[in-house]
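**Student:** Below is the structure I would like to discuss, written out as structure tokens.
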Amino acid sequence: MIQSQTRRGLMLAAGAAALAGPSQASSASRAEPSLADLARAGGRFFGSAVGAGDSGVTASLGDATYRDLLKRECGMLVCENEMKWYVLRPDPTTFDFTRADRIADFARDNGLDLRGHTLLWHHPQWFPAWVETHDFGPQSATAAEAMLVDHIQRLAARYPQILSWDVVNETVDAETGELRETPLSRAMGQSVLDVAFHAAREAAPQAQLVYNDYMSWEAGHEKHRAGVLRLLEGFKARGVPIDALGVQSHIGSGNSDDSVGFDTAQEREWRAFMDEVTGMGLEVVITEFDVHDKNLPADIPTRDAAVADLARRYLDLMLSYPQTTGVVAWGMMDSHSWLQNNWPRADGLPKRPTPYDARGRAKPLRQAIADAFRAAPPRPAERPA
């Protein structure tokens, strides 16, 4: 539940921001340290996803206001979709790096680090169509492994500046906790996951290697959390070179058409999950942070206050772990959030899940992120071995 005092304060802040013109709101955020600077002071990083699509929410790189926010607030960028198989590989022999290169060039030109997302999205829905029907031949396991290793080597070689790779993404089925089956796993078994990490370590020996998934602290994620723990335990037992768990952190209203409520956090169970993960010697990265406001009231000050309050509670918990190395927002402006195109609000209103509104004005969520970084205990100077 939202504390009334906190809520009143955030509502006043939201109302003031809504009344301020763009220049007034922008100058207020410029007067403060950037989110990247606040994160860096505690030994962490802050960054954002950015898209190089042709239009709409995926075209944030083409928005001058968005680019300004990236340069002002972020220390690291991640391609939203541009390094995924279905964008990079229109057919078995072609790699199209055009869109990914645009983002990599922008990051380089502005002194920003780059994360890699993702070498293997091990989900049958998100491979290019040709993979489903691809003939791997009589030695299917060998051929599939060669394709996967070549893919990883090409990306790592083209983007050697990447400091952290989501090696495998979303291989645990959220409903059952079991591993998903894909054309690659049918060809070579679930060793596909181990092969991906070993190939990534060889191709990018200095990069942090991450397993990334959307298990969360909300009720309904119990099987998903248990399945991820089993996966990580197996990786560790088999000597798979994994450094960190990527916790996507799409919190708030559930990401489904029939979701109800907003704050269903199971904080005790989530701490137990985090304790298990960090107890394996793994780091944690918040990789896709946003706060889904689908089921909140239409009133903007009320909505923004609830989003900021939940975000602060979540980030305070996550940043209390020294193993949490940083936060990546899954978008900096509401107008370029993937949530605008998924699971619409019943009232049809645009969603407000990111730190800045559609006009580039800071919202209470931005303040909540800043305050969480300020309050977080600093991390050790050196990454644990």
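**Student:** Return the residues of region 324-343 that are more than 20 Å from Ala59 (Cβ to Cβ) and either in a loop (DSSP other than H, G, I, E, B) or over 14 Å from the mean Cα position of the chain (by Cα) (or both); say none if nothing qualifies.
**Tutor:** Once the filter is applied, which keeps residues that are more than 20 Å from Ala59 (Cβ to Cβ) and either in a loop (DSSP other than H, G, I, E, B) or over 14 Å from the mean Cα position of the chain (by Cα) (or both), region 324-343 yields only Trp343.
**Student:** Tell me which residues, restricted to region 152-177, are under 18 Å from Leu114 (Cβ atoms) and either assigned to a loop (DSSP other than H, G, I, E, B) or not hydrophobic (A, V, I, L, M, F, W, C) (or both).
**Tutor:** Selection gives Gln153, Arg154, Arg158, Tyr159, Pro160, Gln161, Ile162, Leu163, Ser164, Asp166, Asn169.
**Student:** Would you confirm, using the coordinates I've provided, whether Thr142 is among the polar types (S, T, N, Q), out of contact with any strand residue (DSSP E or B) (no Cβ under 8 Å at 6 or more places or on another chain) and either assigned to a strand (DSSP E or B) or over 30 Å from Arg361 (Cα atoms) (or both)?
**Tutor:** Yes; evaluated as a whole, the condition is true for this residue.
**Student:** Just for region 27-69: of the residues that are in contact with a strand residue (DSSP E or B) (Cβ under 8 Å, 6 or more places away or on another chain) and at pLDDT below 95, which one is farthest from His336 (Cα to Cα)?
**Tutor:** Ala28
**Student:** Collect the residues in region 123-139 that are assigned to a loop (DSSP other than H, G, I, E, B) and surrounded by 14 or more Cβ atoms within 10 Å (Cβ to Cβ), keeping them in residue-number order.
**Tutor:** His123, Phe127, Pro128, His134, Phe136 - these are the residues of region 123-139 that are assigned to a loop (DSSP other than H, G, I, E, B) and surrounded by 14 or more Cβ atoms within 10 Å (Cβ to Cβ).
**Student:** Where in region 204-257 are there strands (runs of 3 or more DSSP E), lying fully within it, with 1 or more residues that are over 14 Å from the mean Cα position of the chain (by Cα)?
**Tutor:** 208-213, 250-252
**Student:** For region 315-347, which residues satisfy the criterion of being over 20 Å from Asp54 (Cβ atoms), polar (S, T, N, Q) and surrounded by 20 or more Cβ atoms within 10 Å (Cβ to Cβ)?
**Tutor:** Hits for region 315-347 are Gln323, Thr324, Thr325.
**Student:** Looking only at region 275-287, how many residues end up being surrounded by fewer than 24 Cβ atoms within 10 Å (Cβ to Cβ) and under 30 Å from Gln340 (Cα atoms)?
**Tutor:** 2
**Student:** Considering only region 258-273, state which residues are surrounded by 21 or more Cβ atoms within 10 Å (Cβ to Cβ) and part of a loop (DSSP other than H, G, I, E, B).
**Tutor:** Phe262
Each row is one residue, and each column tells you yes or no for (1) surrounded by 20 or more Cβ atoms within 10 Å (Cβ to Cβ); (2) of a type outside the set (Ser, Thr, Tyr).
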| residue | (1), (2) |
| --- | --- |
| Asp299 | no, yes |
| Thr302 | no, no |
| Arg312 | yes, yes |
| Lys351 | yes, yes |
| Ala358 | no, yes |
| Asp371 | no, yes |
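The values are calculated or read from the model by the stated rules, or taken from the named source; none is laboratory data. Since we're looking at a predicted model, the values are computed, not measured. Note that we place each Cβ from the backbone using ideal geometry, even for glycine, and neighbour counts take in every protein chain shown.
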